[in-house]
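Novice: Structure incoming, see below.
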Amino acid sequence: MKTWIQALKIDEVPIMGSRVLYYKEEEIAIFKTKDGEIHAINNICPHKKGKLSEGLVHESMVTCPLHNWDIDLKNGEAKGENCNYSTIYETQLKDNYIYLKI
Ligand code: FES
């Protein structure tokens, strides 16, 4: 069963940047877009396991640092040759904290 966990303070994630959270077996990249939207996604690129947290954020996408695939932060879709998906996590903002459903 999934549950909500308190992840980070909202201010801990830089605009157009990311922070990594380790939770049990999971490595999660939490991004903040230029517009201040928060997205959480598995930190492993579905192509060849690049670290998405090291990629460039633009609009609601991140470009993987290894082979430049764009990953949609809203649904996890990788825009590459084979359309694979990364796991995304539902987020919620409350009292200056980011919560993840995990
Ligand atoms: S590992 Fe991410 S694009 Fe190749």
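The values are calculated or read from the model by the stated rules, or taken from the named source; none is laboratory data. Bear in mind the structure is a predicted one, so any value in this text is a computation, not a measurement. Ideal geometry is used to build each Cβ from the backbone, glycine not excepted, and the neighbour counts take in all protein chains shown. These area figures cover heavy atoms from the full protein model, side chains too; ligands, DNA and RNA do not enter into them. Shrake-Rupley method; radii C 1.70, N 1.55, O 1.52, S 1.80 Å.
Novice: For a distance above 23 Å, tell me the whole-number percent of Cα pairs in the chain that qualify.
Specialist: Roughly 19 percent, once rounded to a whole number.
Novice: Still on this structure, please answer the following. Using the heavy atoms of the protein chains alone and a 1.4 angstrom probe, what is the accessible area of the chain per residue in square angstrom?
Specialist: 61 Å²
Novice: Once you put a point 7 Å from the Cα of TYR97 and another 7 Å from the Cα of LYS48, both along the Cβ direction, what distance in nm separates them?
Specialist: Calculated label separation equals 4.0 nm.
Novice: Using a cut-off of 27 Å between alpha-carbon atoms, which lysines can reach LYS79, once sequence neighbours fewer than 8 places away in the same chain are excluded?
Specialist: Qualifying lysines at Cα under 27 Å: LYS32, LYS34, LYS48, LYS49, LYS51, LYS101.
Novice: Something else now. Distance in nm between label sites at THR3 and TYR23, each 7 Å beyond Cα in the beta-carbon direction?
Specialist: Placing both labels 7 Å along Cα→Cβ, they lie 1.1 nm apart.
Novice: If amide hydrogens are placed 1.01 Å from N in the peptide plane, which non-local residues have theirs closer than 5 Å to the one on LEU56?
Specialist: The answer is THR63.
Novice: Ignoring any ligand, DNA or RNA, what whole percent of the accessible area of the chain comes from carbon and sulfur when the probe is 1.4 angstrom?
Specialist: 45 percent
Novice: Rounded to the nearest 0.05, what FRET efficiency do ASN84 and HIS58 have when you use their Cβ-Cβ distance and R0 = 30 Å?
Specialist: So the FRET efficiency works out to roughly 0.90.
Novice: So if I take the centroid of the Cα atoms in segment 1-57 and the same for segment 86-102, what is the distance between those two points in Å?
Specialist: One Cα centre to the other: 9 Å.
Novice: Still on this structure, I have one more. Amide H neighbours of GLY76 under 5 Å, counting only residues 5+ apart in sequence or on other chains, H built in-plane at 1.01 Å?
Specialist: Excluding prolines and chain starts, which carry no amide H, there are no hits.
Novice: Which whole-Hz couplings ³J(HN,Hα) result when phi for each residue of segment 62-67 is put into the Karplus expression 6.51 cos²θ - 1.76 cosθ + 1.60, θ = phi - 60°, listed in order with x for Gly and Pro?
Specialist: My calculation for segment 62-67 gives 10, 9, 4, x, 7, 10 Hz in order.
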